[in-house]
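Here's the structure we're looking at; comments come further down.
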C-alpha cells in the first residue's frame, strides 16, 4: 500500500511495480520507456481499464476512445518526484532530466535553468 499518492504500487502482468504514470498515450509510453530503460529500469506497460460513468456511455459509443496505458517499473523504490528533483535520471546524451523535459514541454533538458525559472514546466 502506498504511503501517499506520489508513490503507488500495483501488480502489472503479475509483477509488483512502482507506478510511474497512469492513463497515458502510446506516444508518452514510448518516450518514458526509452528514458527509463536508458537509466537501467525494467519497464512494464499494460493497457489501462477505462472507467465508465453514465455520461461516458453515450460519448464512448459515438466516438472510439484511444487506448491508454499504465507504465510501471519493477524497482519498487522508484519515485518520479525523487528521481527528477534528485537529479537521478539522465537523457541519452548524458544531461540531467529536468521537469520540463519529463513533461515533454522541452525537447532538450536545460539543466542550467532552475525548474522554477523555466516557464515550460509551470503547466
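Just so it is clear, none of the values below were taken in a lab; they were calculated from the coordinates. Here the structure is a predicted model, which means the values were calculated and not measured. Cβ placement follows ideal geometry from the backbone for every residue including glycine, while neighbour counts extend to all protein chains displayed.
Quick notes on this one:
- Summed over the stretch 68-82, residues that are in contact (Cβ under 8 Å) with a residue 40 or more places away in the chain and either assigned to a helix (DSSP H, G or I) or in contact with a helix residue (DSSP H, G or I) (Cβ under 7 Å, 6 or more places away or on another chain) (or both) total 5.
- Tallying residues that are touching a residue at least 24 places away in the same chain (Cβ under 8 Å) and closer than 26 Å to residue 9 by Cβ within the stretch 88-101 yields 4.
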